[in-house]
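Here's the structure, in structure tokens; my notes come after.
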Amino acid sequence: MVRIFDKSKLKTDCENCDAVCCVATKFKLPDYYKPPRTPCKHLDQEHGSCTIFDKLEDEGFTFCRDFDCYGGGLAVSNLFKEIGKNWASDPEIAEVQFHTFSIVYFQLVKYLHPDRAIEIDVPDDIIEELKPFTEQALDMLAETADPFEG
Ligand code: SF4
Ligand code: SF4
């Protein structure tokens, strides 16, 4: 089955998201390395909000404002809301949620920007293991699916 995504409808919704990009991703600044699957030092974990959002540019975090998850963050957050757990409430589910987000985001970028170089740091066996989660999240975002393909 081939999913079809309507890019105009794939929007970020940070207010309703579990701030997964602020934890799942890794980035490196001259004076700060944030490892993957670790909360950013500026994340208010209780409220899931950024403590420097009004001055991201001044603090050298311009890329945060520019980041577009294409709706992947909200889909993964909603999926785990249905399960009744998320990374903040249950450390045991955290890695699953972050890997799920990474895989979903990777798939969305490959679909929307096939020429963009992107790597995924999730091992193949985990990608396979998490398919029940990632497929559900992608289905939440898909506009239509062609049952005659694949
Ligand atoms: S994952 Fe997407 S929706 Fe969630 S906080 Fe990040 S940019 Fe916003
Ligand atoms: S600086 Fe703010 S928006 Fe950027 S990763 Fe950290 S908490 Fe998230």
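Summed over region 1-49, the residues that are surrounded by 12 or more Cβ atoms within 10 Å (Cβ to Cβ), in contact (Cβ under 8 Å) with a residue 40 or more places away in the chain, over 18 Å from Leu112 (Cβ atoms) and away from ligand 1 (no atom under 16 Å from the Cβ) give a count of 0. Condition first: more than 15 Å from Ile4 (Cα to Cα), in a helix (DSSP H, G or I) and open to solvent by less than 30 Å² (accessible area, probe 1.4 Å). Can you find one or more residues in region 125-143 that meet it? There is at least one residue in region 125-143 that is more than 15 Å from Ile4 (Cα to Cα), in a helix (DSSP H, G or I) and open to solvent by less than 30 Å² (accessible area, probe 1.4 Å). Going through region 103-116 one residue at a time, which ones are in contact (Cβ under 8 Å) with a residue 24 or more places away in the chain and open to solvent by 20 Å² or more (accessible area, probe 1.4 Å)? Scanning region 103-116 gives Tyr105, Gln107, Tyr111, Leu112.
Quick one: is Tyr70 away from ligand 2 (no atom under 13 Å from the Cβ), among the aromatic types (Phe, Trp, Tyr), within 18 Å of the chain's Cα centre (by Cα) and open to solvent by 60 Å² or more (accessible area, probe 1.4 Å)?
no
Of all the criteria given as (1) within 10 Å of ligand 2 (Cβ to nearest atom); (2) in contact with a helix residue (DSSP H, G or I) (Cβ under 8 Å, 6 or more places away or on another chain), the one not satisfied by Ile83 is (1).
The values are calculated or read from the model by the stated rules, or taken from the named source; none is laboratory data. These figures come from a predicted structure and were not determined experimentally. Note: ideal-geometry Cβ built from the backbone for every residue, glycine included; neighbour counts use all protein chains shown. We work out accessible area using only protein heavy atoms, side chains counted, and drop any ligands, DNA or RNA first. Shrake-Rupley method; radii C 1.70, N 1.55, O 1.52, S 1.80 Å.
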